[in-house]
Number of protein chains: 2
Amino acid sequence: MSFSFQIEGAAGAARAGVFSTPHGNVETPAFMPVGTLATVKALDPDDLVQMGASMILGNAYHLHLRPGDEVVREMGGLHQFMRWNGPILTDSGGFQVFSLAQLRTVDEQGVEFQSHLDGSRRFFTPEIVMQIERNLGADVIMQFDHVIPGQSSEFAARDASERSIRWLARCLTELRRLEASQPLEDTPRERFQGDSPRNHQALFPIVQGGIHAHLRRAAADSIRAMYDWPGFGIGGLSVGEEKDAMFEMLEVVDEALPKTHPRYLMGVGFPEDLIEAIRRGVDLFDCVAPTRMGRNGAAFTRDGRLNIKRTEFRTDPKPLDPDCDCSACARFSRAYIRHLFVSDEILGLRLLSLHNVHFLLSLGRAARQAIMNGDLDSWSRDWLARYRTASPLTV
Amino acid sequence: MSFSFQIEGAAGAARAGVFSTPHGNVETPAFMPVGTLATVKALDPDDLVQMGASMILGNAYHLHLRPGDEVVREMGGLHQFMRWNGPILTDSGGFQVFSLAQLRTVDEQGVEFQSHLDGSRRFFTPEIVMQIERNLGADVIMQFDHVIPGQSSEFAARDASERSIRWLARCLTELRRLEASQPLEDTPRERFQGDSPRNHQALFPIVQGGIHAHLRRAAADSIRAMYDWPGFGIGGLSVGEEKDAMFEMLEVVDEALPKTHPRYLMGVGFPEDLIEAIRRGVDLFDCVAPTRMGRNGAAFTRDGRLNIKRTEFRTDPKPLDPDCDCSACARFSRAYIRHLFVSDEILGLRLLSLHNVHFLLSLGRAARQAIMNGDLDSWSRDWLARYRTASPLTV
C-alpha cells in the first residue's frame, strides 16, 4: 500500500497523525505551501526543505495552461520538473475554472470555459482532469468538482454537490484506466519494468454541500459508500460564508467522515482558522495567503499581523517576530526588510514569503505537539488570545 | 596595517593576488557582485557565500537617498544592516550623480543635483561623500570624482581629471578627520574603547583621463605623488568609448601605477572584458550586468549568451550551462527556468541572477588558476574562442 494514515495522538476531535506517501511522510496537522505554477512564489525548493515543509501543492488548471501538463510529463513529471522530492498534491482546477476562467458553461459532461490567460476555449471533464493530473504525476490528486459561491441557495448547493459526486465516480474510473495504461514513471527520463510503487496516485474526493449540514452529511455518506478513499477533501468553505458557518460545517463533516483517514480543508489559511479547524478534526491545509501577503509587505507574527512598510519600522532593529526561528528572523531587522520593500528589492518579497510560510508550518508543528502533550485546549486558547491582542506595532 | 596586497603569481601584466581587508581576504582577479541598495538584486547573502563571493559593492548615492546613510549607521553600518560579514566596497556616487541625477551644477566646491527619486535638491562635495561613506562603514571607499562621457574632448577630460585629483586631496583630509572624530564602530549597537582595527577605511583614488594616454599618465603620477594609497580605481572606461581604446588605456595605466597595489576597473563587466583586462593587470571588477541581464532572461554560458525565454528551450532538459556548478545549473532544466520566466515567477529572476553572478566569480577563479599555472595565454585564447563561437542555441 503506497498510502497510509497513522494516528499517534488525539485531543477531542483533533488528531496528530502521519500520512505516508511514496515521496515521504507528512506529520499532521500540516500546512501545505502552494506552488500554483510549479514554484512556491518567491521561494526556492531549498527554502522549503530548510523550513521543514513536507507536502506542497501544484495546480492542474494553471499547469495545464502553462507550461502544459504534457510538457511537465515530458520533463519527468512535476517532482522532477520543479525539483521537489517530497510529497505533492495537485488541486483539480475546479476552483480555478469557477473563479478565474471566463464564460463558463456547465453541463453533466463537464465545463467549457475560456482561459484567463489568452481567452482560448477549453473543456474540462472529470476524465480530462484525471489525464492532466496523471501527466503531472503528484502523489495526491483531487477530484474534479463543481464549485459554487459560499452563500449559494440550498438548491444550487445540492445540485453542485450531487454532480460533484457523479463526477467523482467518473474520476475514479478514469484514474484506474490510466494506472493500467499509462505507467506513472513511463517518461523519457526514467522507465520501470511493469508496475512500480509510484504508479498509484491517491485520489481524494471533495465533500461539498455549501453551508447546509444535511447536504454535507449526504455528500459524505455517498462518497464513503463509493470506495475506500485514502483521504478526504473538504471543499466550498472559506469562500465568502460566515466563520461560524464554516466551523459548524467542519463539526458536521468531522462526524460524517471516518476518523481513520486524513482530512484536507481546501484553501484555508489564516492562523486563527488553522487552529479552529485543527480543533475540529482537520489534518491538512493550504492557502496562498502567506506568500501573497508576503509580497504585499504583510507578515504574520505571534502578536498579530504587521505591515513592514510602515514608517515606525524605519530603524527598528528587531526581527519580524522575535519568537520566530525562520532564516529571515534569524538574520534581518525590520529596518532592513522595510528598506527592501520601500526600494522594491526582490529579496524583500522572498524574506516575507519565507517568514509567513515558515510561520504556518511552525503553527502546524506546535499544534501537533500540543495534541501529543494533551494540552491543546490551553495552548490554543493562549495562542489565539495573544494573536488577537494587537500591539501598537501591528496592524 | 588593516589592508595589504600580496602577489602570489604573475603572467605578463596579469597577477594572482590576495587583497587583505578587516573583513577577510579577496583572492584576485575577482569579480565583485553589486549590491547597489544594500542587496545584490534578487539574491540572498547566503547565495553569495555559497557561490564564493568575497567582496561586494554598495553605492553611496543610492544608500544616501534610501534608506539614508544615517539610518544605515544607526543600524550598525552596512555590514550589520545587510548581514554581509565579508569585505564591502562603496562607490562614491560620482558615476550616479553624473548619470542618474538631474539638473547638475558642477563647480570647484562640488555638485548640486536633483535626486532621481523625488527631485529633491542635494549637494555632494568630497567632504560630504566621505561623511556618507563613513556612515556606511565599508572596508574600501572610493573617492568622489568628476565623471564625464567616454568620448569627451581632451579639454573636458583634462578639466575633470584635474578636478578629481583636487577632490581626492580633500577626500583624504576629510577621511583623516573622520577617522579621528567618528570611530567606525561607535554606533548604538557596538562600542569600542578607543581605536579599533576596523576604524581605518581604505580610500581608493580613481585614475581618470578619458581616452587620452598622456592625461591618464599625468593623473596616475599626481595621484601617486599625493599619498601611499592602498589601491587604485580606474574610472571613466566602458562608458561609450571603443573597446580598443579601453584596452589601450588599461595598458597605459598598468605601466603608470605601482605593480604592488590592487587595481579596480570600475563598472566592467562582461566575460570577454574581464579576461582582456586581467591580461592587462587589473585585479578587481564590478558590474550590474549579471543581475540586470538575469532579470531580463539572459544567461552567460561558456558557449555565449542565451535568452531563456526562447521557444526552443520549452522542453530542454539541459541546465543553463552544462559546465556550470552553480545551484541553478545543479538542479534545474532550461525548460523549468523558461517556464518560470514565461509565467513571471520570482524564482526565475533569482536563478538567472545567481547563475550569472556565479559565472563571473568562477571566471575570476579560473583566470587566477591559469595565472598560477603559467598558462594564462592558452587558457584565455581557448576560453574566448569558445565563448565567441555562438551555437545555434545561443543569441
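All of (1) over 21 Å from residue B:47 (Cβ atoms); (2) crowded, with 23+ Cβ neighbours inside 10 Å hold for residue B:328 with one exception: (1). Among the residues examined, residue B:92 does not qualify as more than 24 Å from residue B:20 (Cα to Cα) and hydroxyl-bearing (Ser, Thr, Tyr). Checking each residue in segment B:255-288 for being surrounded by fewer than 20 Cβ atoms within 10 Å (Cβ to Cβ) and not in a loop (DSSP other than H, G, I, E, B) picks out B:255, B:256, B:272, B:276. Checking B:315, B:260, B:301, B:311 one by one, the residue that is closer than 29 Å to residue B:229 by Cα and of a type in the set (S, T, N, Q) is B:260 and no other.
Determine, yes or no, whether residue A:382 is acidic (Asp, Glu), in contact (Cβ under 8 Å) with a residue 60 or more places away in the chain and surrounded by fewer than 24 Cβ atoms within 10 Å (Cβ to Cβ). It is false that residue A:382 is acidic (Asp, Glu), in contact (Cβ under 8 Å) with a residue 60 or more places away in the chain and surrounded by fewer than 24 Cβ atoms within 10 Å (Cβ to Cβ). Among the residues of segment B:88-116, those identified as modelled with pLDDT of 90 or more and more than 26 Å from residue B:140 (Cβ to Cβ) are B:105, B:107, B:108, B:112, B:114. Of the candidates B:320, B:354, the single residue that is more than 30 Å from residue B:17 (Cα to Cα), surrounded by 23 or more Cβ atoms within 10 Å (Cβ to Cβ) and among the hydrophobic types (A, V, I, L, M, F, W, C) is B:320.
Examine segment B:28-46 for a residue that is more than 10 Å from every other protein chain (Cβ to nearest Cβ), surrounded by fewer than 22 Cβ atoms within 10 Å (Cβ to Cβ) and at pLDDT 95 or above, and state whether such a residue exists. No, segment B:28-46 contains no residue that is more than 10 Å from every other protein chain (Cβ to nearest Cβ), surrounded by fewer than 22 Cβ atoms within 10 Å (Cβ to Cβ) and at pLDDT 95 or above. Just one of the listed residues (B:377, B:382, B:316) is over 27 Å from the mean Cα position of the chain (by Cα) and either assigned to a helix (DSSP H, G or I) or farther than 21 Å from residue B:30 by Cα (or both), namely B:316. Would you be able to say whether some residue in segment A:160-167 is at pLDDT 95 or above, loosely packed, with under 14 Cβ neighbours inside 10 Å and closer than 21 Å to residue A:248 by Cβ? Checked against the condition, which is being at pLDDT 95 or above, loosely packed, with under 14 Cβ neighbours inside 10 Å and closer than 21 Å to residue A:248 by Cβ, segment A:160-167 yields no hits at all. Hey, among the residues in segment B:223-241 that are in contact (Cβ under 8 Å) with a residue 60 or more places away in the chain and more than 15 Å from the chain's Cα centre (by Cα), which one's surrounded by the most Cβ atoms within 10 Å (Cβ to Cβ)? If we take residues in segment B:223-241 being in contact (Cβ under 8 Å) with a residue 60 or more places away in the chain and more than 15 Å from the chain's Cα centre (by Cα), then B:230 is surrounded by the most Cβ atoms within 10 Å (Cβ to Cβ). Name the single residue that is modelled with the lowest pLDDT among those in segment A:138-157 being among the aliphatic types (A, V, I, L, M) and out of contact with any helix residue (DSSP H, G or I) (no Cβ under 7 Å at 6 or more places or on another chain). Result: A:156. Which residues, counting only those in segment A:55-99, are touching a residue at least 12 places away in the same chain (Cβ under 8 Å) and of a type in the set (Gly, Ala, Ser)? Matches in segment A:55-99: A:58, A:60, A:76, A:77, A:86, A:92, A:93, A:94, A:99.
All told, residue A:57 falls short of being within 13 Å of chain B (Cβ to nearest Cβ) and either over 16 Å from residue A:140 (Cα atoms) or hydrophobic (A, V, I, L, M, F, W, C) (or both).
Checked against the criterion of being away from chain B (no Cβ under 14 Å), among the acidic types (Asp, Glu) and either over 25 Å from residue B:337 (Cβ atoms) or surrounded by fewer than 21 Cβ atoms within 10 Å (Cβ to Cβ) (or both), the candidates A:70, A:133, A:127 yield just one match: A:127. Of all the criteria given as (1) more than 12 Å from residue B:352 (Cβ to Cβ); (2) at pLDDT 95 or above, the one not satisfied by residue B:332 is (1).
Each row is one residue, and each column tells you yes or no for (1) touching a strand residue (DSSP E or B) at 6+ places or on another chain (Cβ under 9 Å); (2) away from every other protein chain (no Cβ under 14 Å).
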position	(1), (2)
A:276	no, yes
A:296	yes, no
A:317	no, no
A:321	yes, yes
A:337	yes, no
A:350	no, no
A:355	yes, no
A:367	yes, yes
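For segment B:187-209, a tally of residues being modelled with pLDDT of 50 or more, outside any strand (DSSP E or B) and either within 14 Å of chain A (Cβ to nearest Cβ) or buried (at least 22 other Cβ atoms within 10 Å of the Cβ) (or both) returns 4. For segment A:25-57, the set of residues classified as among the hydroxyl-bearing types (Ser, Thr, Tyr) and over 18 Å from residue A:363 (Cα atoms) consists of A:36, A:39, listed by residue number.
Looking across segment B:16-32, the residues that are touching a Phe, Trp or Tyr at 6+ places or on another chain (Cβ under 9 Å) and in a strand (DSSP E or B) come down to B:17, B:18, B:19, B:20, B:21, B:25, B:26, B:27, B:28, B:30, B:31, B:32. Among the residues that make up segment B:17-39, is at least one of them touching a residue at least 40 places away in the same chain (Cβ under 8 Å), over 25 Å from residue A:335 (Cβ atoms) and hydroxyl-bearing (Ser, Thr, Tyr)? Yes.
Being touching an Asp or Glu at 6+ places or on another chain (Cβ under 6 Å), within 30 Å of residue A:262 (Cβ to Cβ) and in a helix (DSSP H, G or I) is not true of residue A:361.
The values are calculated or read from the model by the stated rules, or taken from the named source; none is laboratory data. From a predicted model like this one, the values you see are computed outputs, not experimental measurements. For neighbour counting, all protein chains shown are included, and Cβ atoms are generated from backbone atoms with ideal geometry for every residue, glycine included.
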